[in-house]
1. Determine, yes or no, whether residue 242 is under 30 Å from residue 314 (Cα atoms) and more than 12 Å from the chain's Cα centre (by Cα).
2. Considering each of 176, 156 in turn, give the residue that is away from the ligand (no atom under 16 Å from the Cβ), touching a helix residue (DSSP H, G or I) at 6+ places or on another chain (Cβ under 9 Å) and under 21 Å from residue 2 (Cβ atoms).
3. From 267, 261, which residue is crowded, with 20+ Cβ neighbours inside 10 Å, modelled with pLDDT under 95 and not assigned by TED's automatic domain parsing to the domain that holds residue 17?
4. Kindly check whether there is at least one residue in the range 80-96 that is in the same structural domain as residue 162 (by TED's automatic domain parsing), assigned to a strand (DSSP E or B) and more than 10 Å from the ligand (Cβ to nearest atom).
5. On the basis of being away from the ligand (no atom under 16 Å from the Cβ), without any contact (Cβ under 8 Å) to a residue 24 or more places away in the chain and within 15 Å of residue 85 (Cα to Cα), does residue 136 make the cut?
6. Residues of the range 13-35 being near the ligand (Cβ under 6 Å from one of its atoms) and over 22 Å from residue 158 (Cβ atoms), which ones?
7. Filter the range 61-76 for residues that are part of a strand (DSSP E or B) and surrounded by 15 or more Cβ atoms within 10 Å (Cβ to Cβ); which is nearest to the ligand (Cβ to nearest atom)?
8. Are any of the residues in the range 36-52 more than 10 Å from the ligand (Cβ to nearest atom), under 23 Å from residue 190 (Cβ atoms) and out of contact with any helix residue (DSSP H, G or I) (no Cβ under 8 Å at 6 or more places or on another chain)?
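The values are calculated or read from the model by the stated rules, or taken from the named source; none is laboratory data. Since we're looking at a predicted model, the values are computed, not measured. Please note: Cβ atoms are built from the backbone with ideal geometry, for glycine as well, and neighbour counts cover all protein chains shown.
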Ligand code: ATP
């Protein structure tokens, strides 16, 4: 069992920056867990603190039911893969892969056998005698992964391991990594600022802001029901529409039109309505329970387009299939799909319903 448990974990740098601000979190055995958030939110610091490369300044950390808060990195039984791979330039591919076994004092022939086996699984068999400088970026990345998995650690810690790859290689590396993790069943924490990557790969995602976690959930939960407007803004290839509304006689009244209000709002008067552009249907004719505006921008996304409606209450994004694309300057109506209107507290930004 390699559950990773953080209890009020804190890392304040000597200069006073509190990069990890008292995080409590349990990552399940075998789980693929992504840490996502804007630049500087503390993802790398959290990962390095879990690895033992940074010393926690508060709280505690357990890996596999063993408290490791004060243990050195080598005693934590985790393997870390960094953005820049950090391969040993003077060593061959074989010796790079075998390195963790050397640290564990596995005999030379045994460690070379295991390194060859692991390398072969990653299509590195032909490259064993080369040095890192003689490899492509993708090959270097595979060596770094082989080195991470060779000693069968309890956990993998990945810090943007795919960020140096070009778009196509990145996609194949994504599915490769995901498959490998499934097969090995190793608990994995994956840091990325690329939300598409997190949504595609992770079992669960933590969205961080300024050293804190704003939401933990499955990709579906984080995308479909962001817990607050910060997460709503951060997740999604097109940002969520967030519009002020007032609740009057069972209706949500926006500047661009009115919609039926969900039950159970109580005495609340002012709310922020959140609707993803993907969950709005476009109509070129007037329809009830819709928001209207003038088509100002049409951006091609491939098989669909992002249409911006200029409404009385500000711009409203709607994803429209390519065959239904409207002309700029025309009037359009956007109809939310059933159950897809989210309401946020207009002061705190927290999800109401
Ligand atoms: P990015 O996505 O840009 O890599 P991140 O989410 O990984 O960012 P961190 O690198 O963990 O963020 O940084 C978190 C905060 O801690 C930032 O404010 C950063 O400036 C600060 N920080 C990072 N390393 C140090 C350090 N060695 N000393 C002092 N402050 C640091």
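1. yes
2. Result: 156 is the single residue among 176, 156 that is away from the ligand (no atom under 16 Å from the Cβ), touching a helix residue (DSSP H, G or I) at 6+ places or on another chain (Cβ under 9 Å) and under 21 Å from residue 2 (Cβ atoms).
3. Answer to the check: 261.
4. Checking the range 80-96: at least one residue is in the same structural domain as residue 162 (by TED's automatic domain parsing), assigned to a strand (DSSP E or B) and more than 10 Å from the ligand (Cβ to nearest atom).
5. Taking the combined requirement at face value, the residue satisfies it.
6. 13, 15, 17
7. Restricting to residues being part of a strand (DSSP E or B) and surrounded by 15 or more Cβ atoms within 10 Å (Cβ to Cβ), the top hit is 61.
8. yes
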